[in-house]
2 protein chains.
Amino acid sequence: MTTLKQVAEHAGVSFKTVSRVLNGDPNVSPDTRAKVQDSIKALDYRPNMAARSMRTGKSQIIGFITDEVATGPFAGNIIKGAQHEAWQHEKLLFVVNTESDPKIEQKAIAMMLERRVEGILYGTWYHREATPPAMLSEIPTVLVDCFVSDQSLPSVVPDEVRGGREATTALLEKGHRRIGFLNDGNPVPASKGRLMGYQQALANFGVVYDEALVVLGSGNASSGYDCALNLLQREDRPTAIFCFNDRMAMGAYDAIRKLGLRIPKDIAVIGFDNLEIIAAQLHPTLSSMQLPHYEMGQWAVRYLIDCADETGNLQPIQHYIECPLIERQSTG
Amino acid sequence: MTTLKQVAEHAGVSFKTVSRVLNGDPNVSPDTRAKVQDSIKALDYRPNMAARSMRTGKSQIIGFITDEVATGPFAGNIIKGAQHEAWQHEKLLFVVNTESDPKIEQKAIAMMLERRVEGILYGTWYHREATPPAMLSEIPTVLVDCFVSDQSLPSVVPDEVRGGREATTALLEKGHRRIGFLNDGNPVPASKGRLMGYQQALANFGVVYDEALVVLGSGNASSGYDCALNLLQREDRPTAIFCFNDRMAMGAYDAIRKLGLRIPKDIAVIGFDNLEIIAAQLHPTLSSMQLPHYEMGQWAVRYLIDCADETGNLQPIQHYIECPLIERQSTG
DNA sequence: CAATCTCTTGACAACGTTGTCAGATTGAAA
DNA sequence: TTTCAATCTGACAACGTTGTCAAGAGATTG
């Protein structure tokens, strides 16, 4: 690899002058600058970031640690958002998938610290409380799609309550008053928040909350099928169903078809997550609340870069991002 | 950050001795070694990889450039496989998503070269011919899920022919003799290869290839619906359908249900890609040929690390990886 | 007991950059 | 011509490591 000194020799100047040209120092005569730039081109010189960052102390690298980027079919968008934002600042991303193994987590953080990353994003593949290794306190960290109970680390998560409220509101605005909610039975932030939003929306429209319309499943298609069947076989069945996620909606579709009902004519359906691969492929296509994965990744990197004080400390704020409604055919 | 010299001072030895301990040099007395290790722990010392790699010339980093990791719901497994393999060798991965923008591609490669990555993986989100930037010739490169027409770069792709053959064979072995094939109409390696495999399997079983049983769609659920309907409304309808991908299979399910037929009793169905989110959620669950994304990522990194000669050159071989059958309910 | 060998340790240079400072050149003002 | 400032350039140290070499301390050999 060509070095700065070789470029200097080729251009007939000192290596310090080449360094000046590279760093845009104005105190270089146009002649010299041109000569140097020619030599840089001629030798296909590329600065050595290892040397540069040793000297400056800045690695221009951000670490991304996650339990499962790959498994979740959308979580990759977190990486995409993070990388895109890092890109704007000429930084690159280390990505490590730990599969929730604490050993791998520890090692990953250690390796990143050795490479002197400027900060770490710690993400999970669904919104939950996390217990990241203590080692993270050594370096600016932003939690993505998760949080720690004592709120000691900054964190960005979807606004579940608002998402639930807006999904329900969308159905209410179409005139529906009996709205079923196929919720997840696990007490995760998503199920708790969306239920709260569901209740708020009903209240806003003066509709009395009927606990019987909320059926608990386990988040997959077959439980969506069971829950929907349960709900729709009642005499005063709802005219719309809000599903905890698109997989449950997929199961609900089967149940609705099974009963000979039509979407959205007889039953409107709205999902959550906006998994393109399901929502856009179902027949009719499924309206869904989109999880802001891209935006969370983007926000996290931006916060890391922009909001660290001189010592690299970050305010431990909790940031919520809305889940926009992606309207398709299933809501009419 | 603590440096080697500070550790040396703390332990009362020369910094060179600390370096020896770090690198496992046997010529250190047990006493000294223990003293040094205590100091390392006490000061929470972490070697500076930038300095180390400047000295040794090895960055211990591999670059991963892809058009779309995040969009495809499974392509993330390429990263996972690559990272896992890199991990075994104590290396980290830079990941950049270029969204097929040549400008970003160029810049990404430039940034990676500046960081002196030891090699680059260039991946695409579906199996196709690629035209990577010429700059890649400066560094060992492995193509993942794609290839260049002149085969000048090593490449790892799914064995489409074998996949098509084994999918068809699975149906033949269940006794099916009239097997429909909902193929993709685009002349991509996947559609061409799987068709060839389909034909080979039929030939192996002495079944005459009937062109009428191959219907061309466009790879999504709605075209799967149309194609399946077309095929199943004929009087001599097939008893099994091999679908180009799981999305088309999803549409085929709708068509089959629409006609009042049952899976797998009346019609067996087999998909391709093994998108968990579809295949495992459909009712009944869908048998599918799994794309070896994880294995491709793994193979690529392994090849990069193990097979470079002393100058870093790689033999431009083309490696094919099989697509295993994941058997579920839809094939009975 | 001298000579040799082995084990352990440290001094110093080097990797490729950037920061600090001083020197050289130029042009203008006195 | 002299002086001074402004502009440009280069010498050198430093960043935190590893590689090379040599030196000191014991142990072993003849």
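The values are calculated or read from the model by the stated rules, or taken from the named source; none is laboratory data. Treat the numbers as computed from the prediction; the structure is a model and nothing was measured. Here the Cβ positions follow ideal geometry from the backbone for every residue, glycine too, while neighbour counts run over all protein chains shown.
General observations
- Scanning region A:287-329 for residues that are under 19 Å from the mean Cα position of the chain (by Cα) and among the acidic types (Asp, Glu) yields a count of 3.
- Among the candidates A:67, A:38, A:25, the residue that is more than 12 Å from DNA strand C (Cβ to nearest atom), more than 34 Å from the chain's Cα centre (by Cα) and acidic (Asp, Glu) is uniquely A:38.
- For residue A:15: the one exception among (1) over 28 Å from residue B:1 (Cα atoms); (2) within 14 Å of chain B (Cβ to nearest Cβ); (3) near DNA strand C (Cβ under 7 Å from one of its atoms): (2)
Rundown of residues vs (1) outside any helix (DSSP H, G or I); (2) touching a Lys or Arg at 6+ places or on another chain (Cβ under 9 Å); (3) buried (at least 24 other Cβ atoms within 10 Å of the Cβ); (4) not aromatic (Phe, Trp, Tyr), yes/no style:
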| residue | (1), (2), (3), (4) |
| --- | --- |
| A:100 | yes, no, no, yes |
| A:104 | no, no, no, yes |
| A:107 | no, no, no, yes |
| A:123 | yes, no, yes, yes |
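Each row is one residue, and each column tells you yes or no for (1) aromatic (Phe, Trp, Tyr); (2) touching an Asp or Glu at 6+ places or on another chain (Cβ under 8 Å); (3) more than 14 Å from every other protein chain (Cβ to nearest Cβ); (4) under 13 Å from residue B:224 (Cβ atoms).
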position: B:266; (1), (2), (3), (4): no, no, yes, no
position: B:269; (1), (2), (3), (4): no, no, yes, yes
position: B:297; (1), (2), (3), (4): no, yes, no, no
position: B:301; (1), (2), (3), (4): no, yes, no, no
position: B:304; (1), (2), (3), (4): no, yes, yes, no
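Per-residue answers, yes or no, for (1) touching a helix residue (DSSP H, G or I) at 6+ places or on another chain (Cβ under 9 Å); (2) within 12 Å of chain A (Cβ to nearest Cβ):
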{"position": "B:83", "(1), (2)": "yes, yes"}
{"position": "B:93", "(1), (2)": "yes, yes"}
{"position": "B:100", "(1), (2)": "no, no"}
{"position": "B:114", "(1), (2)": "yes, yes"}
{"position": "B:133", "(1), (2)": "yes, no"}
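- Where residue A:41 falls short, out of the listed (1) assigned to a helix (DSSP H, G or I); (2) within 16 Å of DNA strand D (Cβ to nearest atom); (3) basic (Lys, Arg): (2)
- So residue B:85, is it in a loop (DSSP other than H, G, I, E, B) and acidic (Asp, Glu): no
- Matching option when the condition is surrounded by fewer than 22 Cβ atoms within 10 Å (Cβ to Cβ), closer than 27 Å to residue B:328 by Cα and in contact (Cβ under 8 Å) with a residue 12 or more places away in the chain, among B:157, B:207: B:207
- Residues being surrounded by fewer than 13 Cβ atoms within 10 Å (Cβ to Cβ) and either hydroxyl-bearing (Ser, Thr, Tyr) or outside any loop (DSSP other than H, G, I, E, B) (or both) - total across region B:22-37: 3
- Within region B:47-66, being in a loop (DSSP other than H, G, I, E, B) and at the interface with chain A (Cβ under 8 Å from one of its Cβ atoms) holds for B:47, B:48, B:59.
- Selected residue (criterion: nearest to the other protein chains (Cβ to nearest Cβ)) from residues of region B:67-80 that are crowded, with 24+ Cβ neighbours inside 10 Å and modelled with pLDDT of 75 or more: B:76
- Residue within region A:295-314 that is part of a loop (DSSP other than H, G, I, E, B), among the β-branched types (Val, Ile, Thr) and at pLDDT 95 or above present: no
- Tallying residues that are under 26 Å from residue B:74 (Cα atoms), free of Cβ contacts under 8 Å to residues at least 60 places away in the same chain and not in a loop (DSSP other than H, G, I, E, B) within region B:161-190 yields 3.
- Qualifying residues in region A:295-332 (those that are among the acidic types (Asp, Glu) and touching a strand residue (DSSP E or B) at 6+ places or on another chain (Cβ under 6 Å)) - the one farthest from residue A:246 (Cα to Cα): A:295
- Pairs meeting the criteria (first residue in region A:40-63 and farther than 11 Å from residue B:114 by Cα, second residue more than 16 Å from DNA strand D (Cβ to nearest atom) and assigned to a helix (DSSP H, G or I), beta carbons under 6 Å, at least 6 apart or on different chains) are A:62/A:86.
- Hits in region A:315-332 (condition: among the polar types (S, T, N, Q) and assigned to a loop (DSSP other than H, G, I, E, B)): A:315
- Within region A:142-154, the set of residues being surrounded by fewer than 24 Cβ atoms within 10 Å (Cβ to Cβ) and either assigned to a helix (DSSP H, G or I) or of a type in the set (A, V, I, L, M) (or both) comprises A:148, A:153.
- Among the residues of this structure, residue B:85 does not count as one that is crowded, with 17+ Cβ neighbours inside 10 Å, of a type in the set (D, E, K, R) and in contact with a Phe, Trp or Tyr (Cβ under 6 Å, 6 or more places away or on another chain).
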